[in-house]
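Everything below concerns the one structure shown next.
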Amino acid sequence: DVKVTQSSRYLVKRTGEKVFLECVQDMDHENMFWYRQDPGLGLRLIYFSYDVKMKEKGDIPEGYSVSREKKERFSLILESASTNQTSMYLCASSRLGTTYTDTQYFGPGTRLTVL
Amino acid sequence: DQQVKQNSPSLSVQEGRISILNCDYTNSMFDYFLWYKKYPAEGPTFLISISSIKDKNEDGRFTVFLNKSAKHLSLHIVPSQPGDSAVYFCAASANYGQNFVFGPGTRLSVLP
């Protein structure tokens, strides 16, 4: 059974704190993604990675950074948390496929509140 | 500017009837489309997909229709069940499904 896990379901941090969100997948997937979900805006891509030590900016990378030191683990870092980063954060993974049959598998999400 | 739009934020349907969820896109390079379902406090789960070489794909109670000329797709659920109550996201990709653009979602409520 495919599994994507995220380190915390709920997190409360203060403005200015450094925040780490961890994601681990056990499917040996090459691709990993970080999204944030906000009402009325859907899922917006923050960063993604096609391989270890490789990262690409998504649509809204400002204020975030990522790290992928191992294939199964993809970390999202908020260098200095701000209140507008209060959101639901979703991690996903997928195979590096060449067909139309590949899909992304999501973790349960981390609801981050920045006070 | 949103490339994938779901203009109905919510939809209510009676149990046993058909649910139709709509999605419009603006990028003509999109060639692969998916629907995801999301329950509260869970991550989205894949429901059904369609590539641009098809205009219809069926999987049990779920059918997705694609109208490329109108840049429109729709998800039909027949018959609707209370367990189908969730938020449904439409997503599109332009490059073999590596990277998706998601719509804002439609909250479906199926009333018993």
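Any read-out appearing in this document is the output of simple, stated calculations on the displayed coordinates, not a laboratory observation. The structure displayed is predicted, hence computed values, not measured ones. Ideal geometry is used to build each Cβ from the backbone, glycine not excepted, and the neighbour counts take in all protein chains shown.
Side notes on the structure shown:
- Computed from the alpha carbon atoms alone, the convex hull of chain A holds 103 Å³ per residue.
- Our summary gives chain A a relative contact order of 36 percent, counting only alpha carbon pairs under 8 angstrom and 6 or more residues apart.
- Alpha-carbon centroids, the stretch B:1-66 and the stretch A:13-27: separation in whole Å: 30
- For A:Lys70, B:Lys37, order by how many other beta-carbon atoms lie within 10 Å, fewest first: A:Lys70, B:Lys37
- Take each residue in B:36-44, count the other chain C-beta atoms within 10 Å of its C-beta, and the mean is 5.
- Percent of C-alpha pairs per 5 Å bin in the protein assembly as shown, short distances first: 1, 7, 15, 18, 19, 16, 12, 7, 3, 1, 0.
- Neighbouring Cβ atoms from other chains, within 10 Å of the Cβ of residues in B:50-60, number 1 on average.
- Interchain or long-range residues, amide H under 5 Å from B:Ile48's placed H: B:Trp35
- HN-Hα J in Hz across the stretch B:50-57 - Karplus 6.51, -1.76, 1.60, θ = phi - 60°, x for Gly and Pro: 8, 9, 6, 7, 10, 10, 7, 9
- Restricting attention to chain A, the count of lysine pairs at 8 or more positions apart or across chains with alpha carbons under 16 Å apart stands at 5.
- Mean partner shielding of peptide B:12-19, defined as the number of other chain Cβ atoms within 10 Å of each residue Cβ, is 0.
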